[in-house]
Amino acid sequence: MKKLILFTILIAFAGPLTAQPKPALALIPEPVSVTRKTGVFSLPSSIVIETTDERPLAASINFLKQRFTQATGRSVRISRTVPAGPHIQLVLNRTPDAKLGKEGYRLVVTGNLVTIRANAPAGIFYGTQTLVQLFPKEIESAVPVAGVRWEAPAVDITDYPRFGWRGLMFDVVRHYFTKDEVKHFIDDMVRYKYNLLHLHLTDDEGWRIEIKGLPRLTEVGAWRVEKIGSFGAFTPPTPDEPRTYGGFYTQDDIREIVRYAKDRFVDILPEIDVPGHSLAAVASYPELSCTPEAKNYLVRSGERIMDWSHGAPPIALVDNTLCPANEKVYAFLDTVMSQLAQLFPFDYIHVGGDETPKNFWKQTPEITALMQREGLKTYEEVQSYFEKRLEKIVESKGKKFMGWDEILEGGLAPSAAVMSWRGMKGGMEAARLKHEVVMSPSTYAYLDYMQSDAVMEPRVYASLRLRKTYEFEPAPDSIDARYVKGGQANLWTEQIYNFRQVQYMLWPRAFAIAESVWSPASKKSWSAFFPKVEAHFNRFNVSETKYSPAVYDPAFSVKRAPDGTLRVELATEVEGLDIHYTFDNSFPDRFYPTYTTPLTPPKDATTLRVITYRGKTQVGRLITMPVEELEKRAPKKK
Ligand code: ACM
């Protein structure tokens, strides 16, 4: 009996003595400062949001209402006065807290009160995003979920962004995405505190925005032949194939998208990509070209039009450029920029400038005459002449001029801002010249690149895995950070045919970029980040947002032993996984051999199949790697 009493006493005290560690928070992007407190805030059965700023805080209120009502089924009401009982309070500071700026917030969660304070509505909005991430994953459900403890841990968070430009680029040309899909993209991006949507609106494969007075841009330029497969290598379309695939945004659509974005604190940067990447415009108005054959040109449907075998700039097989020696081009661009400036309130217009082939220019008498007249010595200087004239047009509409880093070649226009995509060096050079810079290097921030091995993904010419993306540093020590406006990830859509694949390509890499552009550099850590990614995978499972599980797939590297046989090395970017494999054409699971040292395919084996597990749980996908493919990747036999 005595023993039992002692045991009971021990049990009674065991709670406080061996208090469970608090479950880790999984906030993406990582806030500036987080202090854990004891206790939890439980959502009451009737949820009250107290605020005297209902109108300016409509976006935040709507967001909280939507999450709480959809997921919990509980009612949410707004109160202008302090209600009895636990509630959520949203407060716009009457005296600004300088540290928070325009987008920062303070979020304090206690047992009976949640308070979000900010200097401006954007800050409150970002505070609500963080608050929702504190609740269990089921808060992401579109329908009520029973049996969940709707609790948020007590915390005191102070948070504000590292950069004012936190961008995602969406290419709506190579594949057209509807107005509702663009809105969905915006809904997804703001969850991770992105504030800039760069819309790539024109290219060889389409012109996606209505321009009054230039109807052929959308009657002709917005449409191509529908093709499925590996974009870039399609058979050239025949004249009888219907050109019914594509679409465009009317000016009313654009106004609606801009308003939708603005309501969620997102600016839209429109891009009209000239003078290269302009086949849709040329097919619509061949007089914009200096190449007589342009009258026969058609909008590209994904067939080969460039020869990249000699590197950049490419050799064009059709002249997809606007002609810099043609005055009609500048009149055309004046009309386009004028209407763009009216439609998009954002300060900047992006004019592309990338990958302009020069080979047709070399055969064009008008260009030769222009060079003589203007004293231009190189074809890069011809492009620079074009950019400087275009800069004047853009500025005459009250906008700032931005382009890809090729606009540095041949001399940068006087006030141009540069978006650095060919690595960081263009951005560094522009900053040295005291020009504004946005970093979006393909090496870290090209979300169209493959996330897993090429045998697993739609084929793109390069790979970018999550861990490398997480290393993105928009303002390294070697650059004058004053000129770095921020960073951006780019989603080109040649191989992206539908919106589910858009999500697959964005996430989880856009989590990584979000931390690079929002969180203090000192707060970034891969080992802290990856568990949060997994927590957000679970949230996405609830919200049915697609993401890529490629991070669990091993990377293959192939060497050749001195005797000529292959040595296949497998590595995962996630700790603690086992890779199981077989060469016998069956389907490995965790009872198959575990990879420990480089593998040599047995003579006559045709496939290596691998799969990753964490303990008993399959996490990676089954990868079937042809031995023939490994042979191709290995160094040549001596
Ligand atoms: C680019 O990726 N061509 C800007």
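Some observations on this one:
- Amide N proximity, region 564-591 versus T597 label position 7 Å along Cα-to-Cβ, cut-off under 16 Å: 565-570
- Rolling a 1.4 Å probe over the protein heavy atoms of the chain, with every protein chain left in place, gives an accessible area that is 54 percent carbon and sulfur.
- Degrees separating the helix 526-543 axis from the principal Cα axis of the chain, which is the longest one: 90
- The charge dipole of region 500-638, taken about the Cα centre with unit charges on the Cβ atoms of Lys, Arg (+1) and Asp, Glu (-1), comes to about 320 debye, rounded to the nearest 20.
- When the square roots of the Cα gyration tensor eigenvalues are ordered a ≥ b ≥ c, the ratio a/c for region 39-177 is 1.5 or more and a/b does not exceed b/c, which makes its shape oblate.
- Ratio of Rg to Rh over region 554-620 (Cα coordinates, Kirkwood Rh, two decimals): 0.98
- On Cα atoms only, tilt of 121-134 relative to the major axis of the chain in degrees: 50
- Available extension along the chain between T335 and A462 is 42.0 nm, counting 0.36 nm per residue and deducting the alpha carbon span.
- Taken along the Cα-to-beta-carbon direction at a fixed 7 Å, the label points for K183 and E327 span 4.5 nm.
- Debye, to nearest 20: dipole size of the chain, +1 on Lys, Arg Cβ, -1 on Asp, Glu Cβ: 2380
- Cα gyration tensor shape for the chain, rounded if a/c is under 1.5, else prolate or oblate: oblate
- Efficiency of FRET between T38 and A561 - r from beta-carbon atoms, R0 60 angstrom, step 0.05: 0.50
- Sequence ranges 140-153, 167-180, 252-265, ranked by mean other-Cβ count within 10 angstrom, highest first: 167-180, 252-265, 140-153
- Partners of K523 within straight-line reach, counting lysines whose Cα lies under 22 Å from its Cα and excluding those fewer than 8 residues away in the same chain: K22, K37, K99, K102, K193, K468, K485, K532.
- The Cβ shell under 12 Å around Y194 holds other residues with a net charge of -1, Lys and Arg each +1, Asp and Glu each -1.
- A 1.4 Å probe run over the protein chains yields, for region 377-421, 35 Å² of accessible area per residue, whole-number rounding.
- Ordering W492, G73, I61 by the projection of their Cα atoms onto the charge dipole of the chain, which places +1 on the Cβ of Lys and Arg and -1 on the Cβ of Asp and Glu, puts G73 at the extreme positive end.
- Total charge dipole magnitude, region 57-209, about the Cα centre, Cβ charges on Lys, Arg, Asp, Glu only, Debye to nearest 20: 700
- Each of A233 and A521 was given a label point 7 Å from its Cα along the Cα-to-Cβ line. The distance between the two points is 4.1 nm.
- Flagged links, alpha-carbon separation over 32 Å, of K65/K212; K388/K524; K262/K397; K179/K362; K179/K227: K65/K212; K388/K524; K179/K362
- For region 173-202 versus region 334-370, the inter-centroid distance based on Cα atoms is 24 Å.
- Relative contact order for the chain, counting Cα pairs under 8 Å that sit 6 or more residues apart, in percent: 11
- Given R0 = 41 Å, the distance between the Cβ atoms of E473 and D604 translates into a calculated FRET efficiency of 0.30.
- The R94 and K22 beta-carbon pair, evaluated with R₀ = 41 Å, returns a calculated FRET efficiency of approximately 0.75.
- Three-way shape call for region 120-191 based on the alpha-carbon gyration tensor, with the a/c threshold at 1.5: oblate
- Charge dipole (region 162-289, unit charges on Cβ, about Cα centre) - positive-most of L168, S278, V225: L168
- With Cα atoms, 0 to 90° folded angle of helix 179-190 axis to the chain main axis: 50
- Alpha-carbon centroids, region 421-438 and region 62-140: separation in whole Å: 38
- For region 73-137, the relative contact order is 30 percent, taking Cα pairs closer than 8 Å that sit 6 or more residues apart in sequence and dividing their mean separation by the residue count.
The values are calculated or read from the model by the stated rules, or taken from the named source; none is laboratory data. Since this is a predicted model, take the numbers as computed values, not measurements. Neighbour counts are summed over all protein chains in view; Cβ atoms, including those assigned to glycine, are modelled from backbone coordinates with ideal geometry. Just so you know, the surface numbers come from the protein's heavy atoms only, side chains and all, with ligands and any DNA or RNA stripped out. Shrake-Rupley method; radii C 1.70, N 1.55, O 1.52, S 1.80 Å.
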